[in-house]
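One structure below.
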Amino acid sequence: AEARKFFVGGNWKCNGSVSQTEELVSMLNQFSLTQETEVVVCPSQVHLQGVKAGLRTDVAVGAQDCWVQGNGAFTGETSADMLTDMGVSWAIIGHSERREKGESDVEVAKKAKYALDKGLSVMACCGEPLENREAGTTNDFVFPQIKAYADAFTKEDWKKVVIAYEPIWAIGTGLTATPEQAQETHAAIRQYLGEVAGADVAAETRILYGGSASGKTAPGLSAKEDIDGFLVGGASLKPEFADIINCQT
Ligand code: PEP
């Protein structure tokens with residue numbers, strides 16, 4: 001994992017008031033953070049501007065989703081054009097909590113491609129439900145998600161993409177995948193990425209683990225060869241987020 005800079009994203013989900021968000025920003029601003037880790041936090045769309053204005057500049061700001069095309073008559077949507085204009089540099093795309101609402105692999109990939117074309121970097125999510133994990137068909141579920149991204153992205157695009165592998169059974173459940181379970185799937189994803197996007201893309205693309213990552217579980221997971229960082233939900237709202245960012249130091 002040496003050539004790949006360690007990466008930690010915080011997904012704040014649908015949480016926070018104006019004042020709580022200010023408190024989170026001030027917590028982040030006080031953290032002592034290693035510069036060896038690239039850090040991005042993703043507040044709700046309504047809090048993006050406030051967070052961007054108050055946050056230290058060595059932590060980037062991302063959105064949790066964005067619209068599949070540009071501005072226009074799309075009530076309730078937020079376009080990648082708006083996000084880049086605000087100085088937002090990342091977007092989480094294809095989170096399982098969005099896919100649950102009916103976003104298909106192809107729609108997710110199309111959205112990610114539009115975001116990339118507008119200059120955003122993308123945390124491209126994938127991950128299997130419990131049924132597939134138990135049936136031993138994790139790869140059968142995850143590979144088509146990766147294939148859809150690979151069909152949509154050019155080699156240049158991949159330089160602005162990190163993959164977030166987030167087993168659905170581990171998200172928000174406290175059931176973190178073991179380092180061995182996560183490594184096995186990360187290695188499989190990287191191998192498959194080599195087949196569908198090229199060996200260079202496979203070697204250079206960071207693959208994050210997401211699913212109840214914590215200050216306690218991060219060191220063991222991050223020691224694995226193919227785990228290049230984390231996408232963190234619950235723990236990104238707490239002081240232990242700093243421990244996850246600094247888990248390799
Ligand atoms: C997430 O939703 O991206 C996530 C990983 O959540 P949690 O860490 O709370 O499981």
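Go through (1) under 19 Å from the mean Cα position of the chain (by Cα); (2) hydroxyl-bearing (Ser, Thr, Tyr); (3) part of a loop (DSSP other than H, G, I, E, B) for residue 84 and report which single condition fails.
(3)
Of all residues in segment 87-127, how many are in a loop (DSSP other than H, G, I, E, B) and either in contact with a Phe, Trp or Tyr (Cβ under 8 Å, 6 or more places away or on another chain) or under 18 Å from residue 172 (Cα atoms) (or both)?
Residues meeting the conditions: 6.
Picking from 149, 209, 165, which residue would you name as being under 17 Å from the mean Cα position of the chain (by Cα), crowded, with 20+ Cβ neighbours inside 10 Å and more than 16 Å from the ligand (Cβ to nearest atom)? Break it down into steps so the answer makes sense when it comes.
Values: 209 fails: more than 16 Å from the ligand (Cβ to nearest atom); 165 fails: more than 16 Å from the ligand (Cβ to nearest atom).
So the residue among 149, 209, 165 that is under 17 Å from the mean Cα position of the chain (by Cα), crowded, with 20+ Cβ neighbours inside 10 Å and more than 16 Å from the ligand (Cβ to nearest atom) is 149.
Need pairs with beta-carbon distance below 9 Å; first residue over 13 Å from residue 224 (Cβ atoms) and touching a residue at least 24 places away in the same chain (Cβ under 8 Å) and within segment 183-194, second assigned to a helix (DSSP H, G or I) and of a type in the set (Lys, Arg); sequence gap 6+ or separate chains.
Going by the 9 Å Cβ cut-off, the qualifying pairs are 192/147.
In segment 212-249, which residues are among the aliphatic types (A, V, I, L, M) and within 13 Å of the ligand (Cβ to nearest atom)? Don't jump to the end; show me each part of the working.
From segment 212-249, those among the aliphatic types (A, V, I, L, M) are 213, 218, 221, 223, 227, 231-232, 235, 237, 242, 244-245; that's our starting set.
Matches in segment 212-249: 213, 218, 221, 231, 232, 235, 237, 244.
No value in this document is a laboratory result; all are computed from the given coordinates. Not measured: the values here are computed from a predicted model. All Cβ positions, even for glycine, are placed from backbone atoms using ideal geometry, and neighbour counts span all protein chains on display.
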